[in-house]
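**Student:** Attaching a single structure in structure tokens format; questions to follow.
The values are calculated or read from the model by the stated rules, or taken from the named source; none is laboratory data. Quick caveat: nothing in here was measured; it's all calculated off a predicted structure. When we count neighbours, we look across all protein chains shown, and the Cβ atoms used for this are built from the backbone with ideal geometry, even at glycine.
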């Protein structure tokens, strides 16, 4: 009896020890899982702070660099950025676990810091250069150029750091969920063991389950399990109901919740994806890349509420055919909206910076005249839009010429953004001119587009006032200087884009003619003729060399007074007019009505001035619309002027333009 009692007592002690160690194991597992999750969330908080800091640095550095270029020194902004930089990716780590480290993330953070360290001496150099040279706002010396380039590098590194921080965050969340799920699975096995041996372990397991559920809900991400039939299991986080806007998700098929969000083809792709995931057809990285609902626009099947969701899935294999799909869903609506707003705002700032950089490289006198000419053309357009006495087609044709003139001048100054917008407007007008009937909606649409571009022009005027630092006293010399520099810019821009070499020589420029002549019209006509000479007259260097010419073409200009007329002569040593080419092109456009017109070179020259006629093979910024010479003809006709052409094949073309003076201004 004693022996049996002793044996029972010994057995009881053994079970008590097992109970003790089982309870201890559960407590240790739960404690380690909780500590690991909280510790990983510490890293997650640091990554989130990095995203916020990079956005702050991006906005602050943009304003700082813009201010330094404009001459506004702001040491306060530097201190603020320094403070943010000190927080960027900071935070001491008592224990740096390899699982919670990301080399790319750390490298990008270091890149941002290095980029900022490169910016600071650039700012100091700009200030020293400004004080040394006496340059005002808008100066564009080497230090400014270097600061601008370093700024672009910093923006790229900020974008990279933000992207890697977001990727790092997703990795941490995903790893944390996997660890939580794995911990839950282990705990479930221990609980089953405890149900057999002790009630105390059951109570501890229930408490652990409640803690894990609370932790999943606190992450703000919907976490759930699906079986092979894609049915949601009861152990999902309550956040999932908030994200999907649906109550009681247990035992509901996941794909049924997406019928209003995906097309039939999209549903088939998602089903195929889950099949490949269960069959483990590809590795986890590949499955993540081909996830068809990684970024999804979700529509609730009941309320039709719309959201942007981010979804990820992984396989949980518990053995013995117990395979589940672990899903996580996060509401990214606000994040996507914010990112869109930040992208739009950043795009506006970058466009402003590009425009500012383009403007500060232009002589303020030339840019001021460009604005005056543009204002004049827009006034002409407004008058045409209000004029009820002329037909819509004639009004559009005149507007087409004004838009072409503005675009040509913008190209000369290197205003690429503005030039592209004018090119698009020009294309829209051309499309409407090609229609048989032009209705009110066509005119209304163009009016809205023109007003939008006029606001762009108004921004130019404000910018010019900010960067203009000197005053021109000799107006006459200014007119001569601006004319020649504008022609050189027009010539160089066209030559560079077309792969040609051209030089301009001014043989004569009568100051009196510049003073009393119609300045705007003279400049506009000469601008079109110079661009026409480069595009159609001057050959490419290799072609000139093959013909025994100098590789660089030559254009000569003379502006003289002859009695009561201004005589402008613009000559080039190019290939001359190819009458055969003109004849074939004119036949295609049905511009030659009589057979004898095809043999008459004088008539073929008149064809050159027809609206829409061009010998260019394709439409570009410099040629192809057939507007340039027709614009010259119409503008000269408006002041009773005239133009004559002399040409010799292989040797060049000369334009003679005659502008009559008013009687009061005529020279005896």
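**Student:** Quick one: in segment 146-158, of everything that is in contact (Cβ under 8 Å) with a residue 24 or more places away in the chain and under 18 Å from residue 110 (Cβ atoms), which residue is surrounded by the fewest Cβ atoms within 10 Å (Cβ to Cβ)?
**Tutor:** Applying the filter and picking the extreme gives 153.
**Student:** Report yes if residue 541 is modelled with pLDDT under 85 and either more than 30 Å from residue 511 (Cβ to Cβ) or assigned by TED's automatic domain parsing to the domain that holds residue 491 (or both), otherwise no.
**Tutor:** Considered against the rule, which asks whether it is modelled with pLDDT under 85 and either more than 30 Å from residue 511 (Cβ to Cβ) or assigned by TED's automatic domain parsing to the domain that holds residue 491 (or both), residue 541 comes out as no.
**Student:** Now a separate question. Output yes when any residue across segment 200-222 is exposed (fewer than 13 other Cβ atoms within 10 Å of the Cβ) and modelled with pLDDT of 90 or more, and no when none is.
**Tutor:** Looking through segment 200-222, none of the residues is exposed (fewer than 13 other Cβ atoms within 10 Å of the Cβ) and modelled with pLDDT of 90 or more.
**Student:** In the set 566, 538, 555, 582, which member is within 26 Å of residue 636 (Cα to Cα) and over 42 Å from the mean Cα position of the chain (by Cα)?
**Tutor:** Being within 26 Å of residue 636 (Cα to Cα) and over 42 Å from the mean Cα position of the chain (by Cα) holds for just one of 566, 538, 555, 582, which is 566.
**Student:** Further question on the same structure: Of the residues in segment 58-106, how many are at pLDDT 75 or above and under 27 Å from residue 178 (Cβ atoms)?
**Tutor:** Going through segment 58-106 one residue at a time, the tally reaches 3.
**Student:** Next question, about the same structure. Under 7 Å between Cβ atoms, at least 6 apart or on separate chains: pull out the pairs that start in segment 260-288 with a residue that is over 22 Å from residue 308 (Cβ atoms) and end on any residue that is in a loop (DSSP other than H, G, I, E, B).
**Tutor:** Every condition considered, the pairs that remain are 276/282; 278/228.
**Student:** Could you check residue 369 against (1) modelled with pLDDT of 80 or more; (2) in the same structural domain as residue 241 (by TED's automatic domain parsing) and say which number it fails?
**Tutor:** So the condition that residue 369 fails would be (2).
**Student:** Looking only at segment 236-248, filter to residues that are out of contact with any strand residue (DSSP E or B) (no Cβ under 6 Å at 6 or more places or on another chain) and not in a helix (DSSP H, G or I); which one of those is surrounded by the most Cβ atoms within 10 Å (Cβ to Cβ)?
**Tutor:** 245
**Student:** Quick one: would you say residue 409 is surrounded by fewer than 16 Cβ atoms within 10 Å (Cβ to Cβ), outside any loop (DSSP other than H, G, I, E, B), at pLDDT below 85 and under 26 Å from the mean Cα position of the chain (by Cα)?
**Tutor:** Here the answer is no, as residue 409 does not meet what is asked.
**Student:** For residue 415, which of the numbered conditions (1) surrounded by 15 or more Cβ atoms within 10 Å (Cβ to Cβ); (2) at pLDDT below 85; (3) over 32 Å from the mean Cα position of the chain (by Cα) fails to hold?
**Tutor:** If we test residue 415 against (1) surrounded by 15 or more Cβ atoms within 10 Å (Cβ to Cβ); (2) at pLDDT below 85; (3) over 32 Å from the mean Cα position of the chain (by Cα), just (3) comes out false.
**Student:** Okay, moving on. In segment 482-507, which residue that is out of contact with any helix residue (DSSP H, G or I) (no Cβ under 7 Å at 6 or more places or on another chain) and farther than 20 Å from residue 409 by Cβ is surrounded by the most Cβ atoms within 10 Å (Cβ to Cβ)?
**Tutor:** That would be 503.
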